[in-house]
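Below you'll find the structure, written out as structure tokens, and then a few comments.
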Amino acid sequence: MKSRFAPSPTGYLHIGSARTALFAWLWAKKHDSKFVLRIEDTDKERSTQNSVDAILQGIDWLGLSYDEGPIYQSDRLERYKEVISQLLDEGKAYYCECTKERLEEMRAAQIVSGEKPKYDGCCRDKKLKSGVVRFLNPETGNVTFNDYVKGKIEIANSELDDLIVTRSDGSPTYNLTVVVDDHDMKIECVIRGDDHINNTPKQINLYEALNWNIPRFAHVPLILDADGSRLSKRHGAINLMLYRDEGFLPKALLNYIVRLGWSHGDQEIFSVDEMINLFELQNINKSPASFNPEKLDWINQSYIKTTEINELVSELVWHLNRFSIDLSDGPDIKEVVEVLRDRSKSLVDMVQNCVMFYHDFEDFDSDLAQKYFHLESRLVLDDLFVNLNTLEQWTAKHIHEVIQDICERRNIGFGKVGQPFRLAISGDGKAGSIDKSAELVGKKRVLLRLKMAIDWIDSLSS
């Protein structure tokens with residue numbers, strides 16, 4: 001038993017295709033089966049190496065490891081020719097030389113007369129030796145199949161075209177290659193978007209013409225914007241790797257994707273193992289899913305709060321390098337991550353908040369400085385400088401005691417000390433827990449920044 005993900009390398013991997021890959025991967029893991037990655041690159045004009053690279057990078061980043069592949073259709077052209085020759089030899093396919101102009105006129109006439117547009121079989125009995133190759137579709141009877149998601153589907157053969165299986169240049173078409181590949185690769189379950197559902201009856205007829213076993217099908221509904229429109233680039237229809245760039249954890253994105261059209265009660269957060277154990281194709285909704293960026297943000301933040309520290313740091317490293325954060329002059333990054341994780345919406349957010357622990361700054365946020373740096377706070381900052389300078393144990397506990405003592409001696413609230421102190425050590429006021437942040441910034445840097453804040457205030461009155 002196998003499932004497969006078979007993208008066409010004519011673009012990047014996006015949310016919709018990633019969800020298809022995830023569903024196929026989960027099905028394989030659920031059934032202790034194999035997951036096959038196949039690159040359907042027979043469209044020479046539109047397929048690009050950049051798209052192949054983007055697909056492989058996205059699958060790897062999501063952690064959807066494949067057991068077989070990547071298998072490229074472009075390496076299997078001889079096999080397709082072999083099957084096409086078999087169909088021709090057995091009278092199950094024929095050459096067609098109808099021109100584009102004739103086909104357009106034919107379809108226009110059919111539309112005018114209220115008929116369903118389809119090829120009229122003009123070349124069926126001409127015994128031609130060149131042109132495109134068409135599959136001889138049965139004219140009577142019905143195609144019936146049970147879809148895991150859609151249920152029973154039935155269509156009359158009279159509604160179907162004699163589909164083209166080979167183009168005039170000799171290259172095979174999608175409907176032929178997908179059938180050959182799924183048969184040769186022993187794919188038991190074909191999971192794909194429901195935009196393919198109209199192709200399925202034609203493909204089933206091809207399976208039967210070749211006396212091959214027919215796989216099971218699961219056609220997954222589309223993903224739409226929250227307003228019901230087609231998914232836009234503003235939301236999910238973007239290169240999946242942009243989610244990495246924006247600081248999403250791959251497992252958080254997987255968790256979000258799996259909930260687009262699939263559910264298990266009211267549960268929102270799933271580990272990968274839970275996804276595998278609970279996933280059933282029959283529980284996929286028949287109607288389209290809606291993309292909700294706020295929900296994705298919430299799930300990502302939940303994962304940042306709960307992911308094991310070593311794994312979280314490992315994911316953060318790529319962003320640290322991207323923003324050129326040098327960890328050699330500062331605290332243990334694990335300690336910093338523990339401080340920042342509860343208030344970081346993304347890994348990018350976390351990296352930006354990391355800067356104060358490893359790099360000095362030259363100025364303060366001007367609006368916050370005008371608000372918190374004044375003559376009254378100068379006295380507080382001076383108290384902090386003097387008392388912290390003599391502090392022998394540089395810990396959050398002892399720093400907190402210094403702040404508390406200043407509050408009591410001056411009979412002021414914690415905020416009167418904490419707000420200017422936070423701005424002084426961070427430059428932008430985003431220091432979080434002030435005592436723990438000061439501990440991690442380090443005594444030398446804290447004193448230098450306090451002096452810098454005092455000098456800033458003095459410069460106003462000079």
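M275 meets each of the listed conditions (1) assigned by TED's automatic domain parsing to the domain that holds G63; (2) in a loop (DSSP other than H, G, I, E, B); (3) touching a residue at least 12 places away in the same chain (Cβ under 8 Å) apart from (2).
Going by the conditions given, is K397 out of contact with any Cys (no Cβ under 9 Å at 6 or more places or on another chain), among the basic types (K, R), free of Cβ contacts under 8 Å to residues at least 12 places away in the same chain and exposed (fewer than 13 other Cβ atoms within 10 Å of the Cβ)? Spell out how you get there, then give the answer.
Numbers: out of contact with any Cys (no Cβ under 9 Å at 6 or more places or on another chain): yes; among the basic types (K, R): yes; free of Cβ contacts under 8 Å to residues at least 12 places away in the same chain: no; exposed (fewer than 13 other Cβ atoms within 10 Å of the Cβ): yes.
Spelling it out, it is not the case that K397 is out of contact with any Cys (no Cβ under 9 Å at 6 or more places or on another chain), among the basic types (K, R), free of Cβ contacts under 8 Å to residues at least 12 places away in the same chain and exposed (fewer than 13 other Cβ atoms within 10 Å of the Cβ).
Please determine, by comparing only the residues of the range 47-96 that are small (G, A, S) and farther than 23 Å from F248 by Cα, which one is surrounded by the most Cβ atoms within 10 Å (Cβ to Cβ).
Initial filter on the range 47-96 (small (G, A, S)): 47, 51, 54, 58, 63, 65, 69, 74, 85, 91, 93.
Cutting the leftovers down to farther than 23 Å from F248 by Cα gives us 47, 69, 74, 85, 91, 93.
Working: S47: 20, G69: 18, S74: 14, S85: 12, G91: 8, A93: 26.
Per the criteria, the residue is A93.
Mind listing whichever residues of the range 22-55 are closer than 17 Å to M185 by Cα and small (G, A, S)? Selection gives A24, A28, S33. Applying a threshold of 7 Å to beta carbon distances and a minimum spacing of six or more residues, or different chains, the list of pairs starting in the range 338-353 at a residue that is farther than 20 Å from L423 by Cβ and ending at one that is basic (K, R) and surrounded by fewer than 18 Cβ atoms within 10 Å (Cβ to Cβ) reads R341/K305; D342/K305.
Screening V36 on (1) loosely packed, with under 11 Cβ neighbours inside 10 Å; (2) within 24 Å of F217 (Cα to Cα); (3) not polar (S, T, N, Q) shows it passes everything except condition (1). Of the candidates S366, S377, the single residue that is closer than 11 Å to P420 by Cβ, out of contact with any Asp or Glu (no Cβ under 8 Å at 6 or more places or on another chain) and of a type in the set (S, T, N, Q) is S377. From the list K295, K286, the lone residue that is assigned to a loop (DSSP other than H, G, I, E, B), assigned by TED's automatic domain parsing to the domain that holds G261 and of a type in the set (K, R) is K286. Of all the residues that make up the range 167-201, how many are under 25 Å from the mean Cα position of the chain (by Cα), over 22 Å from E45 (Cα atoms) and among the aliphatic types (A, V, I, L, M)? Final tally of qualifying residues: 4. No other residue among D428, D405, D435, D455 is acidic (D, E) and touching a Ser or Thr at 6+ places or on another chain (Cβ under 9 Å) apart from D435.
Take W456 and tell me if it is part of a loop (DSSP other than H, G, I, E, B) and of a type in the set (F, W, Y). Judged against the criteria, W456 is not a match.
The residue of the range 97-116 that is modelled with the lowest pLDDT, among those that are surrounded by 14 or more Cβ atoms within 10 Å (Cβ to Cβ) and under 14 Å from D161 (Cα atoms), is Q110. Which condition breaks for A252 when tested against (1) surrounded by 21 or more Cβ atoms within 10 Å (Cβ to Cβ); (2) part of a loop (DSSP other than H, G, I, E, B)? Failing condition for A252: (2).
The values are calculated or read from the model by the stated rules, or taken from the named source; none is laboratory data. Bear in mind that the values here come from a model prediction, so they are computed numbers and not experimental data. Heads up, the Cβs are rebuilt from the backbone with ideal geometry, glycines too, and the neighbour counts pull from every protein chain shown.
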